[in-house]
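Report on the following structure.
Derivation of every value follows stated rules applied to the coordinates shown; laboratory data play no part. Remember, it's a predicted structure, so these values are computed and weren't measured experimentally. Cβ placement follows ideal geometry from the backbone for every residue including glycine, while neighbour counts extend to all protein chains displayed.
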Amino acid sequence: MKELVKVFKAVADPNRIRILKMLQKKKMCVCELAAVLGITQPSVSRHLSMMRDAGLVRDERDGQWINYELCEEKINQYAPIIMRYIKDWINEYPRIKEDAAKIKYLNREKLCKKA
């Protein structure tokens with residue numbers, strides 16, 4: 001039951017849902033996610049840590065960046081099931097559409113230099 005609670009807690013926040021929806025579109029770094037969400041990089045990192053622990057996202061180093069993406073591995077039995085549904089849910093929600101439009105124009109080199 002501990003793993004199920006961890007997954008539910010990880011998706012029980014609007015910003016974490018927005019992160020998951022953005023990561024459906026492409027791999028992103030913390031500074032890109034922070035720019036779209038309008039929150040601090042430490043806040044984004046805390047959200048990502050919780051989602052990584054729940055088996056929803058994973059990270060990988062790419063040169064100077066750490067990219068986050070949806071986790072394809074089966075870390076627990078619950079994460080793949082909830083992710084299957086989240087991929088189809090709220091795609092037409094205005095905030096989700098706005099986020100998807102914003103990520104097309106992000107320039108990580110400029111964003112990350114400011115950080």
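Screening the candidates Arg52, Arg16, Arg46, Arg58 for the property of being in contact with a His (Cβ under 6 Å, 6 or more places away or on another chain) and either closer than 23 Å to Lys113 by Cα or free of Cβ contacts under 8 Å to residues at least 40 places away in the same chain (or both) yields one hit, Arg16.
Of the residues contained in the range 70-81, one or more are found to be assigned to a loop (DSSP other than H, G, I, E, B), within 17 Å of Val5 (Cα to Cα) and among the hydroxyl-bearing types (Ser, Thr, Tyr).
Counting only residues that are part of a loop (DSSP other than H, G, I, E, B), in contact with a helix residue (DSSP H, G or I) (Cβ under 9 Å, 6 or more places away or on another chain) and more than 18 Å from Met28 (Cβ to Cβ), the range 82-112 holds 3 of them.
Checked against the criterion of being within 16 Å of Leu111 (Cα to Cα) and surrounded by 15 or more Cβ atoms within 10 Å (Cβ to Cβ), the candidates Val30, Val57, Val11 yield just one match: Val30.
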